[in-house]
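Here the structure comes first, spelled out in structure tokens, and everything after it is commentary.
Derivation of every value follows stated rules applied to the coordinates shown; laboratory data play no part. In this text, all values refer to a predicted model and were calculated from it rather than measured experimentally. As a convention, Cβ positions derive from the backbone with ideal geometry for all residues, glycine included, and neighbour counts pool all protein chains shown.
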């Protein structure tokens with residue numbers, strides 16, 4: 001099921017998505033005294049992160065934040081999703097949250113290092129209270145890239161995390177698997193701009209998942225996908 005939440009501009013989008021995710025986190029804390037949030041990187045979520053970070057109505061000390069995926073780089077790199085989250089989300093009131101990274105050190109994601117990443121994920125309350133995905137113009141989401149060398153595995157295996165390499169991915173990546181991400185109480189797709197709207201229209205049309213892996217998320221029947229978009 002697809003639910004659209006279109007907004008007029010990026011500030012309105014950040015406000016609306018912040019309200020929705022804040023409600024998810026507060027519900028998790030009220031029900032289980034803990035909440036977890038998995039977020040994406042890239043340029044799109046920075047404004048939303050800053051909006052959410054300022055929420056004083058969330059007991060951030062009971063929130064655990066992790067990443068949907070990560071480039072295999074240290075957080076000193078400007079390519080690091082962890083750096084983006086620390087700079088924009090884990091600030092102000094949200095600095096009290098616990099952050100669990102995906103990058104486990106080293107230059108390449110060896111099986112031993114991926115095992116460390118998977119072990120770290122045991123510290124994240126699961127199912128998630130909210131998962132926020134993005135989408136590239138090529139139809140990738142998380143690190144589910146077209147032509148990814150482990151695309152079939154990340155779309156079918158339990159995980160929680162696997163490494164993947166793809167022509168469009170740049171560095172080697174580590175990503176949470178589709179099954180692990182779908183174990184969430186709320187699922188969001190956060191996109192902005194006309195180009196992304198056109199890519200979404202294409203993804204919603206007929207065609208193989210391997211061509212636009214975001215289709216695996218859009219076509220699954222387990223969780224409604226809340227799409228937040230603005231021009």
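Would you mind pulling out the separation of the Cα centroids of the range 89-121 and the range 41-57, in Å? Answer, in whole Å: 19. Run the quick spin-label model on residue 87 and residue 57: label points 7 Å from Cα toward the beta carbon, then report their separation in nm to one decimal. If labels sit at residue 87 and residue 57, their model points lie 3.0 nm apart.
All Cα-Cα separations within the range 70-178 were binned at 10 Å from zero, giving a P(r) of 14, 46, 35, 5, 0, each value a whole percent of the pairs.
Structural descriptor for the range 116-190: relative contact order 38 percent, calculated from alpha carbon pairs under 8 angstrom and at least 6 residues apart. Modelled spin-label separation between residue 22 and residue 96, with each label point placed 7 Å from Cα along the Cα-to-Cβ direction: 1.5 nm. Secondary-structure-derived ellipticity at 222 nm for the chain, considering helices only, amounts to -9500 deg cm²/dmol, per-run term -39500 (n - 2.57) for DSSP H runs with n ≥ 4.
All distinct Cα pairs of the range 2-230 go into the 1/r average, and the inverse of that average, the Kirkwood radius, is 17.4 Å. Restricting attention to the range 2-230, close to 25% of DSSP beta bridges with both partner residues there are antiparallel. Classify the range 100-155 from the C-alpha gyration tensor, please: rounded if a/c falls under 1.5, else prolate or oblate depending on whether a/b exceeds b/c. It is oblate, given that a/c is not under 1.5 and a/b is not larger than b/c. Placing dummy labels 7 Å off each Cα toward the beta-carbon, the span from residue 194 to residue 171 is 3.4 nm. Taking each residue as 0.36 nm, the span from residue 219 to residue 126 lengthens on full extension beyond its C-alpha to C-alpha distance by 31.2 nm.
Round to the nearest 0.05 the FRET efficiency obtained for residue 152 and residue 108 when R0 = 25 Å and r is the Cβ-Cβ distance. Approximately 0.75, to the nearest 0.05. Taking every alpha-carbon pair under 8 Å whose residues sit at least 6 apart, the chain reaches a relative contact order of 25 percent.
Convex hull volume of the Cα atoms of the range 32-108, normalised per residue: 87 Å³.
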